[in-house]
Amino acid sequence: MATRRNVLAVVALALATAVSSAAPAVAGSDNDTLRAAARGSGVRIGTAVDMTALADDAEYRALVAAQFDSVTAENVMKWESIEPQQGQYNWAPADRLVDFAKANGQVVRGHTLVWHNQNPSWLTEAAFTPEQLRQILRDHIKTQVRHFRGKVYQWDVVNEVFNDDGTLRDTIWLRNLGPGYIADAFRWAHEADPKAKLYLNDYNNEGVNAKSDAYYALTKQLRSQGVPIHGYGMQGHLGVQYGFPGSVFDNVRRFDALGVQTAFTEVDVRMILPVDATKEQAQAYGFSTLLQACLLARHCVSYTVWGFTDKYSWVPGWFDGQGAATPYTEAFQPKPAREALFHTFQLAR
Ligand code: XIL
């Protein structure tokens with residue numbers, strides 16, 4: 001026979017079920033989520049999103065919604081996806097991400113406007129004059145930023161413009177337009193959405209080194225010229241076999257002092273397979289070291305992982321014999337890295 005207490009419990013459960021099925025997908029209501037742990041820290045916790053997985057994999061979708069409060073399109077905002085033919089824009093996949101983020105109370109980081117990779121062949125294979133290329137770049141930036149005006153809160157305006165030795169990377173932009181293309185890109189993006197925060201973004205620029213020195217000098221120079229640049233993005237693609245840069249906090253802090261925001265934008269920590277417990281611990285250390293540097297800095301505003309599950313990570317396809325680079329296994333089980341992120345956020349409260 002049901003006791004009064006049991007009946008109440010059943011009623012409460014029924015109510016809870018009714019409420020949760022009526023509410024939009026779990027919006028961080030669970031205290032054990034990363035986004036709940038991050039709340040109040042001043043740092044958003046983000047993930048890159050694979051749009052095919054988001055459409056087809058319910059478990060993936062539920063975790064994106066529950067664990068993160070910021071999302072970045074892993075590919076669908078890149079030039080080859082968004083403007084596959086000159087002047088013809090394919091907004092739909094990126095719009096789906098923006099809608100998903102809105103439904104789940106998340107912000108969107110835009111990635112990326114100017115890059116040397118994943119450009120459409122109409123752009124890279126034709127022989128445009130410098131004047132034409134300048135017009136093309138301007139149109140692309142203005143059209144894309146205008147489309148997402150008010151919906152994308154940060155843009156990686158230029159991605160990977162320096163070599164590791166601190167010289168400017170040889171790209172069609174540098175070759176044809178000269179180094180001024182960087183300032184122009186920021187100005188055009190700012191005209192199209194004056195409220196968006198505009199970022200430089202690169203890899204191997206987390207610690208103090210020749211590349212981050214070049215970014216530091218560039219940031220200082222652009223700021224002194226009044227160019228609208230607001231942030232310095234560090235991708236954070238690390239590997240346990242390389243060890244971790246020891247000067248990350250010093251680096252973040254010097255950008256802080258320039259008055260720009262900082263963000264970790266694509267964090268993953270790969271390893272040479274097979275996985276073992278030692279490598280997983282080292283990986284957890286790598287993830288939490290970058291997060292600690294972010295939490296310690298005044299203006300570090302977000303920390304994004306480049307995919308959260310090994311099921312869809314880009315690493316095995318790009319780095320021979322390496323993988324297991326994200327905080328969740330292929331079966332969506334949390335790894336020590338995920339626990340380390342969670343506890344690092346909690347300690348910062
Ligand atoms: C990667 C994606 O994850 C892959 O799916 C794609 O095939 C290649 O690009 N730096 C960046 C990201 O700025 O855009 C890259 O993303 C990873 C390295």
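The values are calculated or read from the model by the stated rules, or taken from the named source; none is laboratory data. Given the structure is predicted, the values throughout are model-derived calculations rather than measurements. As a convention, Cβ positions derive from the backbone with ideal geometry for all residues, glycine included, and neighbour counts pool all protein chains shown. Protein only, heavy atoms only, side chains kept; ligands, DNA and RNA dropped before computing areas. Shrake-Rupley method; radii C 1.70, N 1.55, O 1.52, S 1.80 Å.
Give the residue list of trypsin sites (Lys or Arg not before Pro) in the stretch 175-215 that are DSSP loop and have at most 14 other beta-carbon atoms within 10 angstrom. Hits after loop and neighbour filter: K195. For E131 and N90, the difference between the fully extended length at 0.36 nm per residue and the C-alpha to C-alpha distance is 12.2 nm. Note on the stretch 79-201: Cα Rg divided by 2.2 N^0.38 Å, N the number of residues, gives 1.06.
Taken over the Cα atoms of the chain, the convex hull encloses 152 Å³ per residue. Remark: spin-label model distance K102-F319 equals 3.7 nm, labels positioned 7 Å along the Cα→Cβ axis.
Taken along the Cα-to-beta-carbon direction at a fixed 7 Å, the label points for L347 and T143 span 4.9 nm. Computed from backbone phi with θ = phi - 60° and the Karplus coefficients 6.51, -1.76 and 1.60, the 3J(HN,Hα) list for the stretch 52-60 is 5, 5, 4, 6, 9, 10, 5, 5, 4 Hz; x is used for glycine and proline. Within the accessible surface of the chain, defined with a 1.4 Å probe on protein heavy atoms only, the carbon and sulfur portion equals 53 percent.
Please compute, over every Cα-Cα pair in the stretch 259-349, the percentage with a separation greater than 15 angstrom. Counting pairs separated by more than 15 Å, the tail of P(r) holds 58 percent. Subtracting the Cα-Cα distance of D276 and A257 from their residue separation scaled by 0.36 nm leaves 2.9 nm.
Just need the Rg to Rh number for the stretch 183-222, please, alpha carbons only, Kirkwood Rh. Ratio of gyration radius to Kirkwood radius: 1.05. Greater than 31 Å separation of Cα atoms is the criterion. Which listed pairs, K78/K311; K102/K220; K78/K102; K151/K279; K78/K220, meet it? The answer is K102/K220; K151/K279.
Distances between placed amide hydrogens fall under 5 Å for Q261 paired with G231, Y232, all partners being 5 or more residues away or on another chain.
Using a simple spin-label model with pseudo-atoms 7 Å out from Cα toward Cβ, F332 and L296 lie 3.6 nm apart. Considering the stretch 303-349, its Cα convex hull presents a mean projected area of 3.6 nm².
Figure legend: label point modelled 7 angstrom from the Cα of S224 along Cα→Cβ; residues of the stretch 173-215 with amide N under 17 Å from it are 180, 183, 213-215. Sequence-ordered 3J(HN,Hα) estimates for the stretch 234-241 from the Karplus curve with 6.51, -1.76 and 1.60 and θ = phi - 60° stand at 10, 4, x, 7, 10, x, 4, 6 Hz, glycine and proline given as x. Rounded to 0.05, the FRET efficiency of the A55 and D32 pair, given R0 = 35 Å and the Cβ-Cβ distance, is 0.85.
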